[in-house]
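No value in this document is a laboratory result; all are computed from the given coordinates. None of the values given here were measured: they were computed from a predicted structure. Quick reminder, even Gly has a Cβ in these numbers, built from the backbone with ideal geometry, and neighbours come from all protein chains shown.
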Amino acid sequence: MPLLSFTSQSSKGSPAQSSSDPNRPGSKWNLLRHSVKAPRSSQSPLPEAITDQLSTEIYELIMDHLGDKPSLLACNLVCRSWAPRRKCLLLDLMVCHPVPLVAHGGFGAIACAVPDPFQGNGGIIYGTKDGIYRGIKDGSRLRLLSIHDVSQIEILPGSNLVLCLAACILLHCVPELVAAIKKGFAVQGGFEMVDLITAETQSLLDPDDPSPLDLAHKKVKPRTVFRVDTVFLVCYDKLAFYIDRRGIRPLNKVVLRWTQPVHAFALRQLYILAFCERCVEVWNIETGEMVQKIQGPYHLLNTPESGEKVLGLSLLSGEITQIVFRAHASLNS
């Protein structure tokens with residue numbers, strides 16, 4: 001008996017296809033393939049039918065392989081259902097983020113603050129126009145000293161002493177080097193070194209090296225100096241560059257150029273926080289690239305040493321805020 005072969009036919013006479021067949025006209029794979037081939041504006045979203053038929057695992061896998069901020073932000077044009085995964089991946093790319101603290105209770109205009117080592121995590125000691133206060137974790141406060149116009153507070157490690165500066169100017173100090181900021185440009189680059197033994201002074205930048213002069217022209221304002229390994233990072237309101245111990249700028253070192261004028265800086269190993277008028281820019285000091293921008297005006301409250309908390313005052317909410325670095329940022333640095 002001859003063998004009979006049966007082929008099921010669709011209503012139009014064509015062979016029926018399985019629902020899992022990728023070549024089926026209505027399959028999500030076929031729709032996705034045709035949508036990719038079809039020309040469309042880079043700013044227009046995918047057709048709704050395709051977004052609806054893509055499974056959660058597929059579009060999450062796509063976003064996992066993007067790995068950069070512009071591409072993840074472009075996912076906003078696709079579908080609202082992509083938002084949770086996009087937010088999670090963007091958070092993982094962040095170096096740091098602000099966390100408001102309640103340890104000051106929101107009292108008065110705060111000029112400076114330091115973490116309180118005497119009461120553990122959560123407490124702070126801060127200065128205002130009328131004194132020095134201890135902020136408790138429950139939001140209450142205790143006045144430690146009545147003094148006017150407190151501008152800076154420092155706690156001596158290993159002791160119960162709190163030092164403060166009121167209505168005076170502080171010289172910015174780094175190991176083996178004391179750098180004073182001169183008003184105007186009486187010295188080259190606006191920075192002057194002071195010998196602690198002889199009290200003699202000289203320009204921080206080598207006057208015979210013209211390369212820093214090309215960068216530190218008279219349109220920039222000197223801000224501060226950080227020591228980074230064997231070199232120094234000289235920071236101005238519009239840029240920053242490295243110099244060696246002789247005050248000469250190494251040719252192979254990067255130059256950081258802020259997008260806005262900067263009024264304060266905080267160095268956290270691999271990253272420098274540049275406090276601008278409307279935001280805080282986070283820069284990688286090795287690559288010279290800006291890796292993050294924290295929106296909102298903040299006033300830097302302390303000069304953190306290595307590993308210490310970075311405290312800032314949110315000028316919008318009036319809250320003391322800690323800039324918390326993510327674990328991967330600390331490990332990389």
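Side notes on the structure shown:
- For the residue pairs K87/K129; K137/K238; K87/K253; K253/K309; K221/K309, alpha carbon separations beyond 31 Å are given by K87/K129; K137/K238; K87/K253.
- Likely footprinting exposure, I125, I197, fewest C-beta neighbours within 10 Å first: I197, I125
- Net lengthening on full extension, E200/L66 (0.36 nm per residue, minus Cα-Cα): 42.6 nm
- Ordering R245, R223 by the number of other Cβ atoms within 10 Å of each residue's own Cβ, fewest first, gives R245, R223.
- Spin-label model, L163 to E57: label points 7 Å out along the Cα-to-beta-carbon direction sit 6.2 nm apart.
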